[in-house]
There are 2 protein chains.
Amino acid sequence: MTAPVLPLLKESKVDVLIIGAGPAGYMAALWLARLGIKTKFIDKRSTKIFTGQADGLQPRVLEVFETFGFVDRALKEVAVGYEACFYEPDENGRIRRVDKLPEGVPGISRFNGSVIHQGRIETWLSDAIDEFSGGAIRVQRPLLPESLEIDAADADSPTAYPVRVVLKKLEDDNAAPEQYGHKVQNGLYRQFDGDQTNPAKSDTGEHQEVVRAKYVLGCDGAHSWVRQQLGIEHRGETTDYVWGVLDITPVTDFPDIRKRCSIHSQNDGSIMLIPRENGIVRLYIQLRQVDHHGDGNGDDSVPAGEKKSARVDRSKLTAEHILATAQKIFQPYSLEVAEMHWFTAYQIGQRVATAFQKDQRVFIAGDACHTHSPKAGQGMNVSMMDTFNLAWKIGYVVKGLARPSILATYELERRAVAEDLIAYDLKLSRLFSSKPGDISTNDFRRVIDKGSAFTTGCTVNYDASLLVDKPAGQPRDVPYHSALATKLAIGMRLPDVRLVMQSDARPLFINQQLPSTGEFRLLIFIGDYAQVPPLKKQMDDIGEYLARPENSLQRLRADSILQLMLIHASPQSKVEWDDFPLVFRPRDKRGLMNYWLVFGDTPSPHAQTGDAYEQYGIQRDVGAVVVLRPDGYVAKVAEPTVKGVKDIWEWLAGFIVDLKPSI
Amino acid sequence: MTAPVLPLLKESKVDVLIIGAGPAGYMAALWLARLGIKTKFIDKRSTKIFTGQADGLQPRVLEVFETFGFVDRALKEVAVGYEACFYEPDENGRIRRVDKLPEGVPGISRFNGSVIHQGRIETWLSDAIDEFSGGAIRVQRPLLPESLEIDAADADSPTAYPVRVVLKKLEDDNAAPEQYGHKVQNGLYRQFDGDQTNPAKSDTGEHQEVVRAKYVLGCDGAHSWVRQQLGIEHRGETTDYVWGVLDITPVTDFPDIRKRCSIHSQNDGSIMLIPRENGIVRLYIQLRQVDHHGDGNGDDSVPAGEKKSARVDRSKLTAEHILATAQKIFQPYSLEVAEMHWFTAYQIGQRVATAFQKDQRVFIAGDACHTHSPKAGQGMNVSMMDTFNLAWKIGYVVKGLARPSILATYELERRAVAEDLIAYDLKLSRLFSSKPGDISTNDFRRVIDKGSAFTTGCTVNYDASLLVDKPAGQPRDVPYHSALATKLAIGMRLPDVRLVMQSDARPLFINQQLPSTGEFRLLIFIGDYAQVPPLKKQMDDIGEYLARPENSLQRLRADSILQLMLIHASPQSKVEWDDFPLVFRPRDKRGLMNYWLVFGDTPSPHAQTGDAYEQYGIQRDVGAVVVLRPDGYVAKVAEPTVKGVKDIWEWLAGFIVDLKPSI
């Protein structure tokens, strides 16, 4: 019954608009769903991804999945890498295995590097978003952004919606990406540009809408439209490599087909072999090298049919050609294909965006910020970790809990990761494309081995900032420790250790007790209080201090900003439940006690526990207080006293709105 | 359009009819669904169970759940017991903790004894049945059996359907069990008898149907109608105990409320406290003891409103009375209830059925065979393990793969378990109801401690039979070992150990590689073949022997009767994939290789592996072949030679139909 003539432009207000439903976008939406932030999440493609694309999951991302409650789904489906084999040509120019190494860094995480196709990962994320948001946050497709403006006058106001984005609803048929086995034979998964290349089409305004947002996240890939709107450059290296990728079910006599392999042939190029789920194997085949000068736009992929000045003879980039190359490299082993699931070919350089945001209102993340080769298996992981770093900060600011100044830590922290990644990828790319003989296997393995820790995602080390309390100017590759916790690096993720739940004697991993709720956490390592009387007094004093009605804890708990955990190191025979101050055993309004905040670093007959203090370098007769950020990174270490807690309140007041540190 | 007058009795034929959808019935249906057996599964109640009832899951049952693929669902929901506390009166008659012990037997299984309400367990089983049977096997409700006849003339024919059962479809309203919080206030969960007590009602025949079955399983509880039809007695002890049970969310200052506790008060009785999921606690309260002579019918529960000659003053069996008793026992600790989820009271004796079957055509299982107190947390577990033992054997016979003679092993094996359980329960009951002072805490703990292994379900030891190749007459409490595997008891379940998957270097637990497929398994422990040349020759000889077209293996594989696993003990540096005979690396018709049959008992950098031979008592320079039954019990041990395999073929020919042992 509404008037069909002269349609009014539909207009809506949201706290956050996410543009692009890839891994970075999904992770942002997940955090915002968890924090209850009003979010609009759009993508210009009409369907999700079915096969192919990125497939590596690093241990750190699996740890993060655990904090969101769905790592068990992942572990049921992924293929895990446990061993890496290295093949080189023998005297007759035929490949043979020259070495085996454990894959990853045993012990660095409970999880190992794994693979599964991107579509499954997006399904897990999507299901979790649905659950946390009660269905309120779902990808809206196909929606194409047409313009983006930031109202500079409003950019500083916490209540304003200064970003205006015009969106256009596409017809589904115009927005279906081409997928192998889905619509077209050609496996080149194109960066779909929708109507963006032909703005004339969208002049009618019939399907347009306006979104006013407090914050916009551009998670729209290597060709990021958001990045272009912000006028940000994508700068990088001048040498590109051309890669072919095959996902196949192989028939072969190659003995290590279920292990990760790096294969260097004499004259035919190199292969990275990665076994996947359901008997599938992915081959990355470096086809040849071309010289290419980056145009600063990052737009270097070579989709068939585009008008770009690609330097590659595209007629050769068929599945048959790629497979034939792989077969040559595999000699003397046979390699036939029972089923081809997906293939692609692309040419990409190492590039980093010159800025990750504008006015701290519009941010870019993931491939929009950094592109590189697939060799290190890092793209999807680093993309997800970008928004895992950013979205909780935006959530805090949107809720009025934290000052907008914390948002600057996003670019500070994630640009460093992007630059380290590009540097590593460049080194690896050059090694990988070198001919056998140019470089020794030992050199090659040394780079891989050193890079193993980096590629787990567990060694990321954030610089000093409002959110990381350590001296400025520390080098990133040297962890900075407090004297109170000599093996716990400030700025790095909390390593997983085992503890015993005090109330029910259950052995557990600390990461299982650190779900991503948005809360900071105070881990109070009170030491062996039962045998060191001063520690008992410190615990009682802290308990008494925190229990005061005027203590900051009450405000921080009420706003779900902070949670306590007490971790003692006394023998269980000397510990009684009543020893612990009531602030660590709080009751709700019905009188039900919280039994889940007190832990012992004590031996269990059921599992290997009792070495957490040692692993963190905390002395049992001294103790420490460790502050964790909502994303699980160590923010600060203080002494386990009332003074230490006061220091932490002071520090929190540096960015938490209206927090008056209690005395 | 069918004629409405003079209805013909609907008649159907099924391989197996399961009467009663409790734990025993569900486990039977699960196995039969997995094996593809045509099964009808009925229950007389119109709905499933929502709360209360049995709640303990022993480690062995969790291992079995793993073999059916849903242990991860269980582990996400259950409350696990890790520590047991013992409380006794102090000099003032108030309880205090006198001891703590680890719960269960650390190391006996990867899983610990757990609790969750029966409804959830039935949901997991039901979902798995749905998945395996493609929806073909579902509980049909409310269906009441009215008559059961075995045609003696047909009882020996393998193709006959000698059991005739008449069923009646009830109106839903007549068949709803009374459940606390569901229909009625009274928490007494009644054994619902439907129309069975009033046969006159069912004379119309309107809703009747006839089922002709090859086999019928009576899983219909302590009051088993099937047992009564077969004229089997339920014999037992003459002393009964009266128990009250509360499932509550407590408000209390009792310090061990999240641990399993045995509490003996001075004058007010005893409590077993079992923490459950979601902050719920179950209390078993022994109210008082009555003398009572079993009537041989097992029908000793005391449902309110029945006409039985109950000896208990039922007016006292209210939630209030039971709670008041619990509160007295808990003194000096407070015990208030924030929420009462369920309660019941019952009086039950220790009884075992005088037979578990008739004509090897109709079997009873679960509570129909054995009743006892809830103290050992065994009822539901032993019931499920009854049909886990029985159903695969029926499956083999129905498929014509095994001779019916194997069915006799069911009663042989499970009666022994029932008798051991009753003996243990009786001992525990007497101890538990004794007054403090009559018996020392040490005696009490000694019984509990000794019983711990029994209650894990992992120590069940089946006697010699067609299916367990060991000398007859071995005592059950002394494991019988072959000299080739001195720590692997024949007749007991295979203990879980860690191995390394040869093809992809993945560390794993052997139980994860033993899904319940219905297959026997030959675990060929070929030893350190790479360093002990005779073993290499034995491996090659076995490989050559098994690969012969006329070898029994081909028939056994074709009928999914047997699977091979090869487990070597050579250092990985000396092992190549091509070492293993092709029979352990078979290809399918498309040429795809099976990479998942060869394992190493070797160290992994990712997990603690390499001690499987030692844990099984197998020498690395000798080896052994272990035959596992489809239910995971060790059936036979032989030498790792062609002769050893021939012995196994001979042994299999003892019960597998038409198996001519190859020479």
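Got a number for residues in the stretch A:321-354 being assigned to a loop (DSSP other than H, G, I, E, B) and touching a helix residue (DSSP H, G or I) at 6+ places or on another chain (Cβ under 7 Å)?
The total comes to 1.
Might you let me know whether the stretch B:588-598 holds any residue that is in contact with a strand residue (DSSP E or B) (Cβ under 7 Å, 6 or more places away or on another chain) and closer than 21 Å to B:PRO534 by Cβ?
yes
So B:VAL500 clears everything in (1) touching a residue at least 40 places away in the same chain (Cβ under 8 Å); (2) away from every other protein chain (no Cβ under 14 Å) except one condition, right? Which one?
(2)
Test B:ALA368 against the criterion of being more than 14 Å from chain A (Cβ to nearest Cβ), touching a strand residue (DSSP E or B) at 6+ places or on another chain (Cβ under 8 Å) and within 20 Å of B:ILE121 (Cα to Cα), and give yes or no.
Considered against the rule, which asks whether it is more than 14 Å from chain A (Cβ to nearest Cβ), touching a strand residue (DSSP E or B) at 6+ places or on another chain (Cβ under 8 Å) and within 20 Å of B:ILE121 (Cα to Cα), B:ALA368 comes out as yes.
Considering only the stretch B:426-438, I want to know if a residue exists there that is touching a His at 6+ places or on another chain (Cβ under 7 Å), at pLDDT below 90 and within 23 Å of B:LEU287 (Cβ to Cβ).
Yes, some residue in the stretch B:426-438 is touching a His at 6+ places or on another chain (Cβ under 7 Å), at pLDDT below 90 and within 23 Å of B:LEU287 (Cβ to Cβ).
Inspect the stretch B:594-602 for any residue being more than 12 Å from chain A (Cβ to nearest Cβ), of a type in the set (D, E, K, R) and surrounded by fewer than 19 Cβ atoms within 10 Å (Cβ to Cβ) and give the result as yes or no.
no
Residues that are more than 14 Å from chain B (Cβ to nearest Cβ), under 23 Å from A:TRP243 (Cβ atoms) and not aliphatic (A, V, I, L, M): which strands (runs of 3 or more DSSP E) entirely in the stretch A:45-162 hold 1 or more of them?
In the stretch A:45-162, A:83-89 are the strands (runs of 3 or more DSSP E) which contain 1 or more residues that are more than 14 Å from chain B (Cβ to nearest Cβ), under 23 Å from A:TRP243 (Cβ atoms) and not aliphatic (A, V, I, L, M).
Test each condition in (1) closer than 29 Å to B:PHE65 by Cβ; (2) among the small types (Gly, Ala, Ser); (3) away from chain A (no Cβ under 14 Å) for B:ALA569 and report the one that comes out false.
Here B:ALA569 clears every test but (1).
Those residues that are in contact (Cβ under 8 Å) with a residue 60 or more places away in the chain, farther than 23 Å from A:THR47 by Cβ and of a type in the set (Ser, Thr, Tyr), I need them from the stretch A:108-140; list them, please.
Within the stretch A:108-140, A:SER109 is the sole residue that qualifies.
Output yes when any residue across the stretch A:326-334 is over 27 Å from A:GLY104 (Cα atoms), touching a Ser or Thr at 6+ places or on another chain (Cβ under 7 Å), at pLDDT 95 or above and within 14 Å of another protein chain (Cβ to nearest Cβ), and no when none is.
Within the stretch A:326-334, one or more residues are over 27 Å from A:GLY104 (Cα atoms), touching a Ser or Thr at 6+ places or on another chain (Cβ under 7 Å), at pLDDT 95 or above and within 14 Å of another protein chain (Cβ to nearest Cβ).
Quick grid of which residues meet (1) more than 30 Å from the chain's Cα centre (by Cα); (2) at pLDDT 85 or above; (3) farther than 29 Å from B:THR354 by Cα:
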site: B:ASP253; (1), (2), (3): yes, yes, yes
site: B:ILE257; (1), (2), (3): no, yes, yes
site: B:ILE263; (1), (2), (3): no, yes, yes
site: B:MET272; (1), (2), (3): no, yes, yes
site: B:PRO275; (1), (2), (3): no, yes, yes
site: B:ASP291; (1), (2), (3): yes, no, no
site: B:ASN297; (1), (2), (3): no, no, no
site: B:ASP300; (1), (2), (3): no, no, no
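Of all the residues that make up the stretch B:575-593, how many are surrounded by fewer than 14 Cβ atoms within 10 Å (Cβ to Cβ) and closer than 16 Å to B:ASP504 by Cα?
Residues that pass the stated criteria total 2.
For the stretch A:264-285, name all the residues that are within 12 Å of chain B (Cβ to nearest Cβ), of a type in the set (Val, Ile, Thr) and in contact (Cβ under 8 Å) with a residue 40 or more places away in the chain.
Within the stretch A:264-285, A:ILE274, A:ILE280 meet the criteria.
Any idea which of A:ALA558, A:ALA472, A:ALA483, A:ALA530 is closer than 17 Å to A:GLU639 by Cβ and more than 14 Å from every other protein chain (Cβ to nearest Cβ)? Working first, answer last.
Details: A:ALA558 fails: closer than 17 Å to A:GLU639 by Cβ; A:ALA472 fails: closer than 17 Å to A:GLU639 by Cβ; A:ALA530 fails: closer than 17 Å to A:GLU639 by Cβ.
The unique qualifying residue is A:ALA483.
The values are calculated or read from the model by the stated rules, or taken from the named source; none is laboratory data. Because the structure is predicted, anything quoted here is derived from the model rather than measured. Note that each Cβ is placed from the backbone with ideal geometry, even for glycine, and that neighbours are counted across all protein chains shown.
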